[in-house]
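Peer 1: The structure under discussion is supplied below as structure tokens; questions concerning it will follow.
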Amino acid sequence: MNTAELCKGATAGVESPTVLDPSGLRALGLSTPARPRRNRTVAGCALLVVSLGAGVTACGSGGHPLSGKPYDAADHVSFNTPGDGEKADPDKPLEVTAENDGRITDVTAVDAAGRYVAGELSADGGRWHSTSPLAANARYTVHVSTEDEDGAPGRETVAFDTGRPLTKKRLNVTFGPKEGRYGVGQPVTAELSRPVKDKAARAVVERALKVDSTPAAEGAWHWVDDKKLHYRPKEYWPAEATIRVHSNLEGLKIGDRLWGGKAEPIELTTGAKIVAVTDAASHQMTVYKNDEVIKQIPVTTGMPGYDTRNGVKVVLAKEGTVRMTSASIGASDFYDLTVHHSVRVTNSGEYVHAAPWSTGSQGYANVSHGCTGMSMGNAQWFYDTINEGDIVEVVNSAGDTMAPFGNGYGDWNLDWKNWREGSALVGGTKEVPGPQVQARLRPESV
């Protein structure tokens, strides 16, 4: 089929193609409102010719305004940014206004760090304004697409700098844990240097704290309190994943006289998926590696009155040899023991460890003060197999369920619905496709 035939087949009822507007803003979902569209028989033809790489600029249009190079729209739009090298106030929104009977069709504004500015375009295309805050001490580039009264496209690009915030109050962020290799249950943490209580301010903070994993994993932040957030996936992290955590908060206005500060990025990796499930009723621990059983171990858990907590616990540390006393847990009966192959799972002192004094009860009865005990040989195997961030789960105990926060990492004891409720961004909203899917459709504004 020749070029003329292609064009002939492409002209009937063709609407304005999106290729005449920058793709960035529509990908962001920021500025293109619903509006009547004009039928243009030449548009589909021009698109096809370009795709063929032909040296023809239009098909039989003879100089149609849509077939030429976009005009310089400098006289058709105005900005509220200062001139003569002055810096814009980051505390004020960015505004773009159409002039001389033109209309704005698209706007993208992005700073040198790659942070996009969200915005809204009026229905008549006369005005666009930002809806997310500008960063302080940043350089922005703004691309504006316009359309004149004949439908011809125009382009204008401007750049400007924002000034420094007047206040010295900064919100710095410290990510955790420290860089290294962890199990698939390890949450990411963010410690803030100042409390943030307002929901809108929390949304600004949360939107700027980025967690990316390869392979991808859907996840969300959860506000533990005014100064601490935890991030976890919907399911456990993928095995052998790389997790990168960073902040885009620096220079962003968070609230009244509070601006985003610094944060050092971290990178974590995960190993194999190791999950150890202890059934307190049958006195057996089953250890899974990548969802396959690799060992069953007879154990003893907490006796009545010292029942081991149910629920999912994340390994906090491999501490090896530990002195354990009755005073450490407030037990009424005295004990003072040196315990080997100790793996800590709560801040309050719950361990999985060697308990050679109770081998006769292991697999038959629960006689400990809350820890999970096993033989020296099994404890050494467990210690060598398990790692920080791996999962230890207890079921069928008479004890309470481990709290989500405050005694280690009980994050997985909140179901996904309740976890999302702790987010300032997605709490109270219907669950949508994961961030990796959304990113392909609409990148975040920061």
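Peer 1: Taking 0.36 nm per residue of sequence separation and subtracting the Cα-Cα distance, how much length would be gained by fully extending the chain between residue 340 and residue 157, in nm to one decimal? Present the calculation step by step, with values, prior to reporting the outcome.
Peer 2: Numbers: separation 183, 0.36 × 183 = 65.88 nm, distance 6.73 nm.
Fully extending the segment from residue 340 to residue 157 adds 59.2 nm.
Peer 1: I would also like to ask the following. Can you figure out the FRET efficiency of residue 365 with residue 256, using R₀ = 56 Å and their beta-carbon distance, to the nearest 0.05?
Peer 2: Values: r = 60 Å, r/R0 = 1.08.
E(calc), rounded to 0.05, equals 0.40.
Peer 1: How big is the charge dipole of segment 84-193 about its Cα centre, in debye rounded to the nearest 20, if each Lys and Arg gets +1 on its Cβ and each Asp and Glu gets -1 on its Cβ?
Peer 2: Values: 13 positive and 19 negative charges, 249 e Å.
Computed charge dipole of segment 84-193: roughly 1200 debye.
Peer 1: List the relative contact order of segment 110-206 as a percent without decimals, with contacts defined as Cα pairs under 8 Å and 6+ residues apart. Walk me through the numbers on the way to the answer.
Peer 2: Working: 104 pairs, mean separation 17.1, N = 97.
Normalised by residue count, the contact order of segment 110-206 is 18 percent.
Peer 1: Moving to a separate point now. Heavy atoms only, 1.4 Å probe, whole protein assembly: order 306, 288, 351 by accessible area, highest first.
Peer 2: Values: 306 55, 288 75, 351 10 Å².
Ranked list, largest accessible area first: 288, 306, 351.
Peer 1: Find how many whole Å separate the alpha carbon centroid of segment 235-302 from the alpha carbon centroid of segment 138-182.
Peer 2: 32
Peer 1: Turning to a different aspect of this structure: Select from segment 337-431 those GluC sites (Glu not before Pro) which occupy a DSSP coil region and have at most 13 other Cβ atoms within 10 Å, ordered by residue number.
Peer 2: Working: sites: 350, 388, 393, 421, 431; in loops: 350, 388, 431.
When the GluC sites (Glu not before Pro) of segment 337-431 are filtered for loop state and at most 13 Cβ neighbours within 10 Å, 431 remain.
Peer 1: Which lysines, if any, have their Cα less than 24 Å from the Cα of residue 169, not counting same-chain residues under 8 positions apart?
Peer 2: Qualifying lysines at Cα under 24 Å: 87, 92, 197, 199, 210, 227, 228, 253, 262.
Peer 1: With a 1.4 Å probe and all protein chains left in place, how much accessible area per residue does segment 231-314 have, in Å²? It would help to have the intermediate numbers written out before the result.
Peer 2: Details: 3550 Å² over 84 residues.
Here the residues of segment 231-314 average 42 Å² of exposed surface.
Peer 1: A further question on this structure: Tell me the label-point distance for the pair residue 120, residue 74, using the 7 Å Cα-to-Cβ offset, in nm and rounded to one decimal.
Peer 2: In this crude spin-label approximation the distance works out to 3.2 nm.
Peer 1: In whole Hz, with x marking every Gly and Pro, tabulate ³J(HN,Hα) for segment 286-302 from phi via Karplus 6.51 cos²θ - 1.76 cosθ + 1.60, θ = phi - 60°.
Peer 2: 10, 9, 10, 10, 6, 6, 10, 5, 10, 6, 10, 10, x, 9, 10, 10, x
Peer 1: Put a dot 7 Å past each Cα toward the Cβ at residue 281 and residue 150; how far apart are the dots in nm?
Peer 2: 8.2
Peer 1: How far apart, in nm, are two points set 7 Å out from the Cα along the Cα-to-Cβ line at residue 139 and at residue 385?
Peer 2: The two pseudo-label positions are separated by 5.7 nm.
Peer 1: State, as an integer percentage, the relative contact order of segment 126-169 based on alpha-carbon contacts under 8 Å between residues 6 or more apart. Provide the component values of the computation, followed by the final result.
Peer 2: Details: 46 pairs, mean separation 17.9, N = 44.
In percent, rounded to a whole number, it is 41.
Peer 1: Can you sort 84, 72, 390 by solvent-accessible area, 1.4 Å probe, largest first?
Peer 2: Details: 84 160, 72 110, 390 5 Å².
Order by accessible area, largest first: 84, 72, 390.
Peer 1: R0 = 41 Å: FRET efficiency of residue 86 with residue 244, Cβ-based, nearest 0.05?
Peer 2: Values: r = 37 Å, r/R0 = 0.90.
Computed FRET efficiency for residue 86 and residue 244 comes out at 0.65.
Peer 1: Which whole-Hz couplings ³J(HN,Hα) result when phi for each residue of segment 260-273 is put into the Karplus expression 6.51 cos²θ - 1.76 cosθ + 1.60, θ = phi - 60°, listed in order with x for Gly and Pro?
Peer 2: So the J values, rounded to whole Hz, are x, x, 8, 7, 7, x, 9, 10, 10, 10, 10, x, 5, 7.
Peer 1: Out of residues 5 or more away from residue 77 or on other chains, whose amide H comes under 5 Å of its own, with H placed 1.01 Å from N in the peptide plane?
Peer 2: So residue 77 has HN proximity to 99.
Peer 1: With r as the distance between the Cβ atoms of residue 197 and residue 293 and R0 = 60 Å, compute the FRET efficiency 1/(1 + (r/R0)^6) and round to 0.05. Let's see the in-between values first.
Peer 2: Details: r = 47 Å, r/R0 = 0.78.
Approximately 0.80, to the nearest 0.05.
The values are calculated or read from the model by the stated rules, or taken from the named source; none is laboratory data. The structure presented is a predicted model; accordingly, all values stated were derived computationally and were not measured. So basically every Cβ, Gly included, is an ideal-geometry build from the backbone, and we count neighbours across all protein chains shown. Surface areas here come from the heavy atoms of the whole protein model, side chains and all, with no ligands, DNA or RNA. Shrake-Rupley method; radii C 1.70, N 1.55, O 1.52, S 1.80 Å.
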